[in-house]
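Just below is one structure, and these are the notes that go with it.
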Amino acid sequence: MTDNNRSDAEPPATVEVALGPRSYSIHIGHRLLDQAGAILRPLLKRPRCVIVTDGHVAVLHLQSLEAVLVASGITTAAVVVPPGEASKSYEGLSSLCDQLLAAGVERSDLVIAFGGGVIGDLAGFASAVLRRGVGYVQVPTTLLAQVDSSVGGKTGINSALGKNLIGAFHQPQAVIADLALLRTLPDRELRAGYAEVVKYGLIGDSAFFTWLEAHGPDVLACKAEALKHAVATSCRAKAAIVAADETETGPRALLNLGHTFGHALEAATGYGDRLIHGEAVAIGMAMAFRLSERLGRCPPGTAARVTAHLGSLGLPTGVCAIRELLPDAAGLLAIMRHDKKARAGKLAFILVRGIGETYVETGIPEEAIIGFLADELAMR
Ligand code: NAD
Ligand code: GLY
């Protein structure tokens, strides 16, 4: 192992999310869990907190977090929910709220969301509504959660009519992203999270995309320096967008590159193992580039460069592997209409003028979308 790969040679990074009274720090580093007590202590009104996690993370890492907090004089209770997207449901929310109340959570207490995006979204939303709002801290344990879902305060659950349709903006009081936790993450989940890293390059930072083309394999191999650079660059990009547009009335919508397509694919495949969120985003981003090219919005060859990078790291860029689970083009369009990004009944797409140049376009004729989707469904 070279010095560049040694995690102890890498000092932690801190990224600030500047939101006035709701500002907070994102702490990024290797073995940061060891410092969780020191980071949390000043945020606690009394030395007690409740950790919400899922069954997988509980087995692997809960004891370590509890031990660190107890060593800092913080008493803990834990609520363990079933792993998987199904927990982001009315039933999951109701059960979690009851368990948090039974654990004695008071209005001034902090909830610790310790897990991937499912736990962050669910525990964050429970915190938003419990006793009309309690504080929470994100301790993200997947790459996707460290670069995206733990930052920015979007919390929520799914409805039968679509993903994340029930929710609230509720900012955490801190984010602690311990990169060492990613070592136990299955490769498929790591790759899926990498899709969201690529997203930041594609949205507004072509130099970062070029860096990823060279260093993506190091990020996926969890090499210390590359991983920290990728997570910190992603968090900086997200923090800047959130600070400029906390509740998505403008530029924050660009963070949804690929999501109008991706969410429809996730809904059609049942939010299950056949297609996980980051994979859906990878396909959705590739589709957004292909649609942009087809409409003449970006130069020919741009989509091929993006799909070459995603594909070289094992991410899907088209629907062929899930084709038999999907409806026809009109059916997919019907699912997309439930998307939160629809404006005045019109679908909004995040399109591109090139790598790093995204914008929102509404008013694309329905026949053009149907024709595009039909070609995507026929693609091999
Ligand atoms: P996830 O939370 O389901 O985690 C993926 C899997 O990895 C789960 O089985 C989990 O138990 C396991 N896991 C988590 N950490 C682990 C670790 N360190 N070691 C081993 N296993 C571990 O999925 P995700 O990809 O993290 O998040 C997806 C969710 O995030 C979706 O519901 C999506 O809608 C949401 N999301 C929200 C936002 C937002 O801004 N709020 C942004 C992007 C995605
Ligand atoms: N993941 C999109 C957002 O936070 O706005």
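For the reader, a short list of remarks on this structure follows.
- Protein accessible area in the chain, 1.4 Å probe - carbon and sulfur %: 54
- Net charge of Cβ neighbours under 15 Å - reference Ser206; Lys, Arg +1; Asp, Glu -1: 0
- Extension gain for the segment Ala240 to Asp187, taken as residue separation times 0.36 nm less the Cα-Cα distance, is 16.2 nm to one decimal.
- Extension gain, Gln35 to Ala168: 0.36 nm times the residue separation minus the Cα-Cα distance gives 45.0 nm.
- Dipole check for the chain: with +1 at the C-beta of Lys and Arg, -1 at the C-beta of Asp and Glu, and the Cα centre as origin, the magnitude is about 640 Debye.
- R0 of 45 Å, Cβ-Cβ distance Glu367-Ala214: FRET efficiency to nearest 0.05: 0.65
- Cα shape, the range 245-380, gyration tensor, a/c 1.5 rule: rounded
- Summarising the label geometry, the points placed 7 Å from Cα in the beta-carbon direction at Lys346 and Arg274 lie 3.4 nm from one another.
- Efficiency of FRET from Cβ geometry, Ser95 and Ala304, R₀ 51 Å, rounded to 0.05: 0.65
- Take the chain with all the other protein chains still there, run a 1.4 Å probe, and you get 39 Å² of accessible area per residue.
- Sparse-neighbourhood loop sites, GluC sites (Glu not before Pro) in the range 1-91 - DSSP loop, at most 14 other Cβ within 10 angstrom: none
- Potential lengthening between Leu325 and Thr247 on full extension [0.36 nm per residue; Cα-Cα distance subtracted]: 24.7 nm
- Among the listed pairs Lys228/Lys346; Lys238/Lys346; Lys154/Lys223; Lys45/Lys163; Lys88/Lys238, those with a Cα-Cα distance over 31 Å are Lys228/Lys346; Lys45/Lys163.
- Mean shadow area of the range 157-224 over all directions, Cα convex hull, nm²: 6.8
- Efficiency of FRET between Ser64 and Ala102 - r from beta-carbon atoms, R0 25 angstrom, step 0.05: 0.50
The values are calculated or read from the model by the stated rules, or taken from the named source; none is laboratory data. Please read all numbers here as calculations on a predicted model, not as lab measurements. Cβ: placed from backbone, ideal geometry, glycine included. Neighbour counts: every protein chain shown. Remember, those area values only see protein heavy atoms, side chains included, never the ligands or the DNA or RNA. Shrake-Rupley method; radii C 1.70, N 1.55, O 1.52, S 1.80 Å.
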